[in-house]
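The values are calculated or read from the model by the stated rules, or taken from the named source; none is laboratory data. Predicted model, so just to flag it, every value in this text is computed and none were measured. Virtual Cβ from ideal backbone geometry, glycine too; neighbours counted across all protein chains shown.
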Amino acid sequence: MLHKWLENAVVEGKDKIIEVRKEDIWERRCRIIGRVGLELTLKENFDDVINKPCIFCQPERVAKFGKEFGAGMMENDAAFLFPNINPYARYSGVCAFRKHYIKMEDFDSTLIEKNLELGVEYIRKVEKMGNAKYASINWNYMMPAGASILHPHTQIIVDEHPTTYMEKLMEKREMFSKYIEMERNGERYIGRVGKISLFTPFVPFGFNEIFGVGEESIEKSIGDAAGAIARIISYYAHLGRNSFNMAIYMSLEDEFPLHFRCITRQNMVKYYRNDITFLERLHNEVILERKPEEIAEEMREYLKV
């Protein structure tokens, strides 16, 4: 299920070691090559972007739901949810935090839980309409992670069809269950936040990836999930990062367990270099600078704080 080997290159008389890892669930490889400057950690002032006018600061201007949803938008004291004007599926929502700009170190479990609550409410409303089988709550935090608007917001997708990731997961469901159990008992295991287990995957999808898996439905896990995600974001801020991606995956018919993945992206700077290269986009292999075991060790200590 999990494989790794070393390759040796000689450059100007010096040995360069490349560690190649392969896993059989998503049939992916990654290459760990040491520090080469792929992770941009420089921090710059981007107040000019923060201070730009933002439509999410004017909820009355965003798109509204039809009568079938019972209200034009869903809202609470921390967030509001409305239809995506550029939908990724038949049912595609945006859940914006009330505050225009939130630093990573300022996200707490309560803020995140309030956002997730609205996302789950939206998913359940769509589910009652029929044909909904798969859902995800996704987060592009800052422009290097793919956000088109700085104002923090999550995106919810509900569909009768799985994504490529979900489909592969269902094809390898038994193997995935064994993998989860292996990680829970292995060197990359970090710990638990309530009923959410955290570990770093053997073949990460990106930099500093942390994987969380739940034991129950999202409704019964939402507080623990929010707490775990808040700790992960805080850890990323501790590393000096200010951009990340997150995805929570849900099967509404229990075809796979509730779980999420978080990765850091390049920092917000004026002339940042993208961290996606030909290997990621055209060869489906991730290049990393640090081993997952190192991330697990750091996060394990950070979880104790």
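Overview of results
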| read-out | value |
| --- | --- |
| Pairs with Cβ under 6 Å, 6+ apart, first in the range 212-237 and without any contact (Cβ under 8 Å) to a residue 60 or more places away in the chain and over 15 Å from Thr200 (Cβ atoms), second among the polar types (S, T, N, Q) and in a helix (DSSP H, G or I) | Gly214/Ser221 |
| Hits in the range 190-209 (condition: hydroxyl-bearing (Ser, Thr, Tyr) and free of Cβ contacts under 8 Å to residues at least 60 places away in the same chain) | Ser197 |
| Residue among Ile137, Ile157, Ile112 that alone is farther than 18 Å from Ile233 by Cα and either more than 16 Å from the chain's Cα centre (by Cα) or touching a residue at least 24 places away in the same chain (Cβ under 8 Å) (or both) | Ile157 |
| Qualifying position, being touching a strand residue (DSSP E or B) at 6+ places or on another chain (Cβ under 9 Å), more than 14 Å from Ala296 (Cα to Cα), of a type in the set (Phe, Trp, Tyr) and modelled with pLDDT of 95 or more, among Phe199, Phe205 | Phe205 |
| Residue list for the range 16-29, filter: touching a Lys or Arg at 6+ places or on another chain (Cβ under 9 Å) and either without any contact (Cβ under 8 Å) to a residue 24 or more places away in the chain or more than 11 Å from Arg290 (Cα to Cα) (or both) | Ile18, Val20, Arg21, Lys22, Glu23, Asp24, Ile25, Trp26, Glu27, Arg28, Arg29 |
| Hey, Met142 over 22 Å from Gly72 (Cα atoms), buried (at least 17 other Cβ atoms within 10 Å of the Cβ), in contact (Cβ under 8 Å) with a residue 12 or more places away in the chain and of a type outside the set (Val, Ile, Thr) or not | yes |
| Residue in the range 172-189 that is in contact (Cβ under 8 Å) with a residue 24 or more places away in the chain, assigned to a loop (DSSP other than H, G, I, E, B) and under 13 Å from the mean Cα position of the chain (by Cα) present | no |
| Extreme residue, surrounded by the fewest Cβ atoms within 10 Å (Cβ to Cβ), among residues of the range 239-296 that are of a type in the set (S, T, N, Q) and assigned to a strand (DSSP E or B) | Ser251 |
| Residue in the range 154-164 that is surrounded by fewer than 20 Cβ atoms within 10 Å (Cβ to Cβ), in contact with a Gly (Cβ under 8 Å, 6 or more places away or on another chain), not aliphatic (A, V, I, L, M) and not in a strand (DSSP E or B) present | no |
| Top-ranked residue of the range 93-105 - restricted to ones that are crowded, with 18+ Cβ neighbours inside 10 Å and out of contact with any Gly (no Cβ under 9 Å at 6 or more places or on another chain), ranked as farthest from Leu239 (Cα to Cα) | Val94 |
| The range 40-77: number of residues that are touching a residue at least 60 places away in the same chain (Cβ under 8 Å) and outside any helix (DSSP H, G or I) | 8 |
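Conditions (1) farther than 29 Å from Thr264 by Cβ; (2) modelled with pLDDT of 95 or more; (3) polar (S, T, N, Q); (4) surrounded by fewer than 17 Cβ atoms within 10 Å (Cβ to Cβ), marked per residue:
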| residue | (1), (2), (3), (4) |
| --- | --- |
| Cys57 | no, yes, no, yes |
| Val62 | no, yes, no, no |
| Met74 | yes, yes, no, no |
| Ala79 | no, yes, no, no |
| Phe107 | no, yes, no, no |
| Lys114 | no, yes, no, no |
| Glu117 | no, yes, no, no |
| Val126 | yes, yes, no, no |
